[in-house]
1. Among the numbered criteria (1) open to solvent by 40 Å² or more (accessible area, probe 1.4 Å); (2) at pLDDT 95 or above, which one does Arg180 miss?
2. What pairs come up if the first residue lies in the range 240-267 and is over 18 Å from Glu158 (Cα atoms), the second is open to solvent by 30 Å² or more (accessible area, probe 1.4 Å) and of a type in the set (Gly, Ala, Ser), and their beta carbons are under 7 Å apart, counting only those six or more places apart or on different chains?
3. Here is a check on your reading of the model: is Met192 in contact (Cβ under 8 Å) with a residue 24 or more places away in the chain, assigned to a loop (DSSP other than H, G, I, E, B), of a type in the set (A, V, I, L, M) and within 26 Å of Glu91 (Cβ to Cβ)?
4. Do you know which of the residues in the range 195-210 that are buried (at least 16 other Cβ atoms within 10 Å of the Cβ) and outside any loop (DSSP other than H, G, I, E, B) is farthest from the chain's Cα centre (by Cα)?
5. Considering only residues that are out of contact with any strand residue (DSSP E or B) (no Cβ under 8 Å at 6 or more places or on another chain) and among the charged types (D, E, K, R), which ones fall in the range 185-200?
6. Going by the structure shown, is Phe61 out of contact with any Phe, Trp or Tyr (no Cβ under 8 Å at 6 or more places or on another chain) and open to solvent by less than 50 Å² (accessible area, probe 1.4 Å)?
7. I need every pair where a residue in the range 202-222 that is closer than 18 Å to Ile109 by Cα has its Cβ under 8 Å from the Cβ of a residue that is open to solvent by less than 50 Å² (accessible area, probe 1.4 Å) and part of a strand (DSSP E or B), sequence separation at least 6 or different chains.
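The values are calculated or read from the model by the stated rules, or taken from the named source; none is laboratory data. This structure is a prediction, so every number in the text was calculated from the model and none was measured. Glycine also receives a Cβ, built like all others from the backbone with ideal geometry; neighbour counts cover every protein chain displayed. The area values use the complete protein model at the heavy-atom level, side chains included, leaving out ligands, DNA and RNA. Shrake-Rupley method; radii C 1.70, N 1.55, O 1.52, S 1.80 Å.
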Amino acid sequence: MEIKLSVLIAENKTTIAFNDHQDVINILDNSESITLDRPVVYILLKNNIITSIGKSSVGTFKSELDFNKIITIAPSWDIELNYLVQQFITEAIENDIKLATIPELETKIPTSYEKTVTAYKDQVLLVLETFGYHLKHHEEPKKAKSKPAKARHKWTKEVSQIEFSIDTRESKATALWHKRNEMLLKAGATMMAEPPLNKDGSLGFSAKMGQRIREDHQDKVKNFVTTEDIILKSVNEVGLFLYFGGTNSWLELVDANGKTLNEWTVV
């Protein structure tokens, strides 16, 4: 992927324009007044750690959260902000970022539009990563003990032929990682009936994501049992769909000999 950028760097603000200046990313230090001249998706950071993702309308930006830097993304007219912010929040949660606030999830992104908004999100991520901002959890390593790097997994044709069983958190199912970006969940899967709640009785982000994925496939579920094969996008989605996450799903998928999907694919 190649992107032609126009960059203006000032003392407290960096402006990055691309796609013939139709799309603009601003990276600003927090100040008493941040004025937005276009609706944006925003990313708040505290000491270079992402703490919140959301959308904001034109006018003075306001947030009750403590942050010292804000990234705003103002896309061209053909990119729907509601769908774009969903894409960024999903990307963050899949990379273990703990967001301080989670906005209410919107309706399903239309299939005909999903490829467009995903491609745009990936384009923005590439720009941000080039400038040193990664949509993944960053912390200063502790002196006494450092955390291991997050595991990466590689799809192979051999793995695509293996059926993996799931038996955890009130859920039983059979799944295959049958394509690089697709998991096939076989009909007859039993799902956890009720999502776990936070201590205050509210739904957590994983529970909300799980409910949204279930809504996308509600025509293939009866009494918390799937009636048809279902295609999901990732191992994480399988866990969210079946049991609202809450565990490392790479370790929950096990072949007939007791070998986990993680053991088959980790690199």
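1. (2)
2. Once the first residue is over 18 Å from Glu158 (Cα atoms) and sits in the range 240-267, its partners that are open to solvent by 30 Å² or more (accessible area, probe 1.4 Å) and of a type in the set (Gly, Ala, Ser) give Leu240/Ser206; Phe244/Ser206; Gly245/Ser206; Gly246/Ser206.
3. Numbers: in contact (Cβ under 8 Å) with a residue 24 or more places away in the chain: yes; assigned to a loop (DSSP other than H, G, I, E, B): yes; of a type in the set (A, V, I, L, M): yes; within 26 Å of Glu91 (Cβ to Cβ): yes.
Yes.
4. Taking the range 195-210 as the starting set, the residues that turn out to be buried (at least 16 other Cβ atoms within 10 Å of the Cβ) are 195, 203-210.
Of the ones still in play, those that are also outside any loop (DSSP other than H, G, I, E, B) are 203, 205-210.
Numbers: Leu203: 17, Phe205: 11, Ser206: 11, Ala207: 14, Lys208: 13, Met209: 10, Gly210: 12 Å.
Result: Leu203.
5. To start, the set of residues in the range 185-200 that are out of contact with any strand residue (DSSP E or B) (no Cβ under 8 Å at 6 or more places or on another chain) comprises 193-194, 196, 198-200.
Glu194, Lys199, Asp200 - these are the residues of the range 185-200 that are out of contact with any strand residue (DSSP E or B) (no Cβ under 8 Å at 6 or more places or on another chain) and among the charged types (D, E, K, R).
6. Considered against the rule, which asks whether it is out of contact with any Phe, Trp or Tyr (no Cβ under 8 Å at 6 or more places or on another chain) and open to solvent by less than 50 Å² (accessible area, probe 1.4 Å), Phe61 comes out as no.
7. Between residues of the range 202-222 that are closer than 18 Å to Ile109 by Cα and residues that are open to solvent by less than 50 Å² (accessible area, probe 1.4 Å) and part of a strand (DSSP E or B), the close pairs are Ile213/Leu232; Arg214/Val221; His217/Thr226; His217/Ile230.
Okay, residues lined up against (1) on the phi < 0 side of the Ramachandran plot; (2) modelled with pLDDT under 90:
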residue	(1), (2)
Asp20	no, yes
Val40	yes, no
Asn47	no, yes
Glu64	yes, yes
Gln86	yes, yes
Ile93	yes, yes
Ile97	yes, yes
Pro103	yes, yes
